[in-house]
Amino acid sequence: MTALEIQNLVKVYDKDTYALRGIDLTVAEGDFFALLGPNGAGKSTAIGIISSLVNKTSGSVKVFGHDLDTDVVATKASIGLVPQEFNFNGFEPIINTITNVAGYNGIPFSVAKKRAEHYLKRLDLWDKRNAAGRELSGGMKRRLMIARALVHEPKMLILDEPTAGVDIEIRRSMWDYLSEINSQNGTTIILTTHYLEEAEALCRNVAIIDHGQIIENGAVTKLLSQAMQETFVLNLYSDLTEAPSIKPFTTRLRDDANQLEVDVPKGESVTSMIDALKNRGIQVGSIRTKSNRLEAFFLRLIGKNDGAAP
Amino acid sequence: MNYWRLQWIAYCTIVRKEVRRFTRIWVQTITPPAVNALLYMLIFGGLIGSRIREVDGFAYMDFLIPGIIMMGIITSSYGNVVSSFFGTKLQKHIEELLVSPVSNTTILAGYITGGVARGAAVGMIVSLVAMFFTDLRPVHPVTTIFIAVLTSIMFSLGGLINAVYAQTFDECSIVPNFVLAPLTYLGGIFYSISMLPPLAQKLSLFNPVLYMINGFRYGILGISDIPLWQSFAVIMVFIVILGTIAMTLLNRGVGIKP
Ligand SMILES: Nc1ncnc2c1ncn2[C@@H]1O[C@H](COP(=O)(O)OP(=O)(O)OP(=O)(O)O)[C@@H](O)[C@H]1O
Ligand SMILES: [Mg+2]
């Protein structure tokens, strides 16, 4: 079954801001899906529409087969949302925030209290249960919103940049927890992120969105194998005055004249690149990869999409 | 899950949250109207009223008290919903409701009930204060309660509509200060319209608050400038109009959904 099916979704905010220019997206039930894109790409807008926070301009959205236009109660009931910005009552004890949202989902108060305890404990917030929301640290606030999204045990969890402003240790434990929810409960998870490692570490499928368009969509592993080149930074024994030409590799001088950047296309070996340099009398002292392959790929994709039509 | 059961639980949750809100900040929400009422009763009812002859056969203090209670109910109902709903919007936790399977009718009913609860709390406190000044007991208690609750519903709806449009806290106080206050003060709290010159009497009939205050006064004293059915009719018409507007605004997501 498909958890999410989006067809030709368009969103125009006032003053002709095209946030989404007709996106299509399908997420299978049980998937762990990443929506990847730079600032302003339209990720939060897409998520806002799916979770009924934003009115769409046109197009259709189905959540577990329920159409947003005709069966909004069913779509809402099956979604748990962790938004990008904090949106809880900062003056209320956090346990009330959780039990309130449980109530809005039709969970009786007695059950809601037990659920709140369970999820607040699971997210290490139980000691803070009587603290007001605004007294929490940034990472705790993020976790509060995760607990709140889970309290009605939705079939689909949507997280908009869940690990923004969260330290490495907590990010790790958040990743573990999300993976656990996904694999043990079969909860479909969709998250947006700027961090490519996050998508790479967690997700099975990914869509890359830029300027309101999906520019790449598929399995993370497939995209990785398509990430056609890897860039290396070489420290040389002597300074160069210009970048040498060694086909099929592309080279660039860095600000330091003894550092060279070389793109190695897929299928070419690093040793043949070093040999080619040796043939020019250039000695390589040390070598490191410049960036994550996915990252380079991602930036190139976005670069290609820069002149998008309005 | 059963749809109606879900909506009922959600409704109770909103009401519980709303009541908790105004009781938690009771110094701001309950005491000011009580202090106001006390001052009115001391100054107008006690000091000045003692030099005024009877109005419609009642001591001025007794004539005054129903209007003072009603004034508390009106301002608190309106104020509760406008500030609570606006705060919910401003802090964005309205989104908790928007993403949940709560219908807009339930949201509206929940907030309106919150406004009525605050109106009732204030109405009772002011009535308690009034007991120090009079030994009046309502002549028609059922009418009294009906008029009070319906008026409270009406002004709660007004507060919600105001909150939907408001962008700043200032915009939450424009209507109460520049529309509600004049209408209430000119709505026959302090006088019977029969004391006014003919033109002012006619103009007063266009003031909806007049119908509520007189309806309420009828409930307590058994006298009114206005036939009771007219009071009910005016309130009901306003509830229907404001309720329709509020529902439409919520359904369209005005001021709430981009
Ligand atoms: N409420 C709004 N009113 C008008 N324009 C908006 C609104 N929300 C978003 N936009 C515009 O829509 C576009 C997409 O924004 P969106 O928030 O969806 O991006 P995003 O991918 O989530 O970015 P980020 O990674 O920075 O969170 C941007 O140009 C933004 O300015
Ligand atoms: Mg965003």
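The values are calculated or read from the model by the stated rules, or taken from the named source; none is laboratory data. All values derive from a computational prediction rather than experimental measurement. Note that each Cβ is placed from the backbone with ideal geometry, even for glycine, and that neighbours are counted across all protein chains shown. Note: accessible area is taken over every heavy atom of the protein model, side chains too, but ligands, DNA and RNA are not part of it. Shrake-Rupley method; radii C 1.70, N 1.55, O 1.52, S 1.80 Å.
Once A binds B, the 1.4 Å probe can no longer reach about 2600 Å² of accessible area, counting both sides. Using R0 = 25 Å, the C-beta based FRET efficiency linking B:ALA181 and A:ALA132 works out to 0.15. When only Cα pairs below 8 angstrom with a gap of at least 6 residues are kept, chain A shows a relative contact order of 19 percent. Of interest is the spacing of the C-alpha centroids, which for the range A:244-285 and the range A:43-119 amounts to 53 Å. Using Cα centres only, tell me the gap between the range B:1-48 and the range A:141-165 in whole Å. One Cα centre to the other: 33 Å. Across peptide B:99-112, what mean number of C-beta atoms from other chains lies inside 10 Å of a residue's C-beta? Mean inter-chain Cβ contacts per residue within 10 Å come to 4. Kindly express, to the nearest 10 degrees and within the range 0 to 90, the angle between helix B:228-252's C-alpha long axis and the longest C-alpha principal axis of chain B. Helix B:228-252 sits at roughly 20 degrees to that axis. Ordering of B:126-136, A:203-213 by packing is A:203-213, B:126-136, highest average first (other Cβ atoms within 10 Å, averaged per residue).
Between 0 and 90 degrees, the angle of helix A:293-304 with respect to the longest Cα principal axis of chain A falls at about 90 degrees.
Averaged over the residues of A:104-113, the number of partner chain Cβ atoms lying within 10 Å of the residue Cβ comes to 6. Rolling a 1.4 Å probe over the protein heavy atoms gives the protein assembly as shown an accessible area of 45 Å² per residue. Seen against the Cα atoms of chain B and their longest principal axis, helix B:208-221 is set at about 60 degrees. With the helix formula -39500 (n - 2.57) applied to DSSP H stretches of n ≥ 4, chain B reaches a computed 222 nm mean residue ellipticity of -23000 deg cm²/dmol. Taking label positions 7 Å along the Cα-Cβ direction at both A:THR221 and A:GLU29, the computed distance is 2.4 nm, reported to one decimal. For the range B:210-258, accessible area lost to neighbouring protein chains reaches 20 Å² or more, against the chain alone with a 1.4 Å probe, at B:LYS257, B:PRO258.
Give the relative contact order (percent, whole number) for the range B:3-252; include only Cα pairs under 8 Å separated by 6+ residues.
Once normalised by length, the contact order is 26 percent.
A protection proxy built from the mean count of other Cβ atoms within 10 Å ranks the segments A:16-28, A:162-174, most packed first, as A:16-28, A:162-174.
Take every DSSP beta bridge whose two residues both sit in the protein assembly as shown, then give the antiparallel share in percent to the nearest 5.
Bridges in the protein assembly as shown are about 70 percent antiparallel.
The apolar share of the surface of chain A, taken as the fraction of accessible area on carbon and sulfur atoms (1.4 Å probe, ligands and nucleic acids excluded), comes to 47 percent. With Cα atoms as the point set, the radius of gyration and Dmax of the protein assembly as shown evaluate to 32.2, 117 Å. Peptide A:71-78 shows a mean partner chain C-beta count of 3 within 10 Å per residue C-beta.
Determine Rg/Rh for the range B:3-252; Rg is computed over alpha-carbon atoms and Rh is the Kirkwood hydrodynamic estimate from the same atoms.
Looking at the range B:3-252, the ratio lands at 0.99.
With helices as the sole contributors, chain A gives -10000 deg cm²/dmol at 222 nm; each DSSP H run of n ≥ 4 counts as -39500 (n - 2.57), and the sum is divided by every residue.
With a ≥ b ≥ c the root eigenvalues of the C-alpha gyration tensor of the range A:78-137, is it rounded (a/c under 1.5), prolate (a/b larger than b/c) or oblate?
Oblate is the answer for the range A:78-137, as a/c is 1.5 or above yet b/c matches or exceeds a/b.
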